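Here the structure is laid out as structure tokens; the discussion comes afterwards.
The numbers here are math on the coordinates, done by the rules we state, and not lab data. The structure presented is a predicted model; accordingly, all values stated were derived computationally and were not measured. Cβ coordinates were reconstructed from backbone atoms using ideal geometry, including for glycine residues, and neighbour counts include every protein chain displayed.
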């Protein structure tokens, strides 16, 4: 939570189901938030809750409404959901017995938005309108979602999503098998630039710790159990994405249209998949085996939508003054002129080492080699469409899964575990306050939030923001240790 607070995030969305451990975990989360001067709020996951059970939902809201860590907006208890469009909002408000600021993840056109205070759009990635990657005949952008929600809200507050990635690859080793990608690739920077001009009150980052869908911006090293995602998250840190977002978060909170004012140190952030698209892992990937597929989300081999990905290295430079950015990817060498502020570049992926540098006046200012090579080896025997995210200068802290976070690793692989260790690279970085961005406290009325998650069978998660413009992070339901 301290890491999120330093980044300018105001609250965590606690995405909860009906698991037996829910209340215990909520007690931990609220206590940790109070200790760390963070706010939290309930987000009811209607993959678990029944929309007809407004009574239980209202009772849960009332239980935590007066806690010091509860997020309030306009003097109302802030409440959200994941889906749940059939919920009777009037009955819910009556049962809660306290004023609530209700901002659910309802779909435009499927419910009466006039009953809401705001609405949250979870779909933070290009898609086909049916929860899969876009196609030539059906391509809905994140901006299309913004327009649909804002039109349906007719002037009411909109909770806009910001998400860096999406990849999930569960095989028959778990009962919730699913295997697809959304083509997020370079959208993290572009999305933040769009949000600075969107004039929305809230932003929700999807997500803080949803390792199962690969859009986590929080540390791998946080205490959590393994729901089977370790076969693609092991040694794949994302913390530098949070560092990259921080000046944008500060700008959003201040109502600024550019993050340049909040960049006070040179920084290069880079990300890429560990393998080219041509790599064939069919012989050893667990998703080549049959699995229960009532959801229709399970596909054999490469994840559904893989054709929408590209073999690309993504590089963003945050600079205090102009310079030259150099990138070496395998046998390819590239150089770019970069201006003061935000610079985004791409280069073709090359097999081998990845080197990133900043030059000024013919002299090296920064240069490092990524700990993760691009290889033509099936790490852990599986396809891995997750992103490795690093930075120059590298972080002081290393970020890697703890033993509990790799507990199911051997269940999800068909090769010796030593093969994972041999080819997945070394531990990466956790985002930290290293002076690369400004961390001064904001006094404006702005919200920032983050989604926190746990390992329940539904595997859905999210994130958020502070009083007139907010930033939130949504997470899964494993929030035993958010401090």
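In the chain, the calculated helix contribution to ellipticity at 222 nm averages -5000 deg cm²/dmol per residue, counting -39,500 (n - 2.57) for every DSSP H run with n ≥ 4.
Each residue in 339, 77 was given a count of other beta-carbon atoms within 10 angstrom of its own, and listing them fewest first yields 339, 77. In percent, rounded to a whole number, the relative contact order of the range 2-476 is 21, using alpha-carbon pairs under 8 Å and six or more apart.
One decimal place: the segment residue 402-residue 368 gains 9.6 nm when fully extended, by the rule 0.36 nm per residue minus the C-alpha distance.
If both residues of a DSSP beta bridge must be in the chain, then about 60% of such bridges are antiparallel. Does the range 279-402 classify as rounded, prolate or oblate by the C-alpha gyration tensor (a ≥ b ≥ c root eigenvalues; a/c under 1.5 gives rounded; else a/b over b/c gives prolate, otherwise oblate)? Judged from the Cα gyration tensor, the range 279-402 comes out prolate (a/c at least 1.5, a/b above b/c).
From the square roots a ≥ b ≥ c of the eigenvalues of the alpha-carbon gyration tensor of the range 167-237, which class results: rounded (a/c under 1.5), prolate (a/b over b/c), or oblate?
Taking the square roots of the gyration eigenvalues as a ≥ b ≥ c, the range 167-237 is prolate.
Each label point was placed 7 Å from the Cα along the Cα-to-Cβ direction; for residue 335 and residue 115 their separation is 6.3 nm. Among 211, 149, 270, 64, the order by Cβ neighbours within 10 angstrom, fewest to most, reads 64, 149, 270, 211. Net length available on complete extension from residue 76 to residue 27 is 15.6 nm, with 0.36 nm assigned per residue and the Cα-Cα distance removed. What shape does the range 304-358 have by the C-alpha gyration tensor, where a ≥ b ≥ c are the square roots of the eigenvalues, rounded means a/c under 1.5, and otherwise prolate means a/b greater than b/c and oblate the rest? Here the range 304-358 falls in the oblate category. Given [x] 22.3; [y] 25.4; [z] 35.0, which label gives Kirkwood radius over Cα pairs in Å as computed from the coordinates? Correct label, based on the coordinates given: [x]. What FRET efficiency comes out for the pair residue 55/residue 282, r = Cβ-Cβ distance, R0 = 56 Å, nearest 0.05? Efficiency computed from Cβ-Cβ geometry: 0.65.
Ordered by the number of other Cβ atoms lying within 10 Å of each residue's own Cβ, fewest first, 302, 320, 231 fall into the sequence 320, 302, 231.
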